[in-house]
Amino acid sequence: MEEVLPLRDRIIEVLKTCYDPEIPVDIWELGLIYEINILEGNDVHIMMTLTSPNCPVAESLPVEVEQKIQNIPDINNAKVEITFEPPWDKDKMSDEARMELGMW
């Protein structure tokens, strides 16, 4: 029998399928996800940022993230909120993302 990952881990797996189209690294490794809150009834609230306030996917990326999270079995509702506090910078990226982008 296949082990079912905890809900938070399944959410992170899905976040790793969402990409900023200008950077070939997923939004999780880029450090764009600030918070994942799993609320009562398996409603999920995600606080995320973008690489810049005038990011070309500012309208579409949060919607994509919401839809993908919503499709996870056991999730009741998903809401993505965009914030620019604190502003994103390269220090928020994972080591994997830095290596991928040659930023060592």
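Which count do you get for residues in the stretch 51-104 that are surrounded by 12 or more Cβ atoms within 10 Å (Cβ to Cβ), at pLDDT 90 or above and aliphatic (A, V, I, L, M)?
Selection size over the stretch 51-104: 11.
Could you check the stretch 27-76 and list, in sequence order, the residues that are touching a residue at least 60 places away in the same chain (Cβ under 8 Å) and over 13 Å from ARG10 (Cα atoms)?
Answer for the stretch 27-76, where residues must be touching a residue at least 60 places away in the same chain (Cβ under 8 Å) and over 13 Å from ARG10 (Cα atoms): GLU29, LEU30, GLY31, LEU32.
May I ask you to list the residues in the stretch 48-104 that are in contact with a helix residue (DSSP H, G or I) (Cβ under 8 Å, 6 or more places away or on another chain) and of a type in the set (Ser, Thr, Tyr)?
The answer is THR51, SER94.
The values are calculated or read from the model by the stated rules, or taken from the named source; none is laboratory data. A quick note: this is a predicted structure, and the numbers were derived from the prediction, not measured. Glycine gets a Cβ as well: all are built from the backbone with ideal geometry, and neighbour counts include every protein chain shown.
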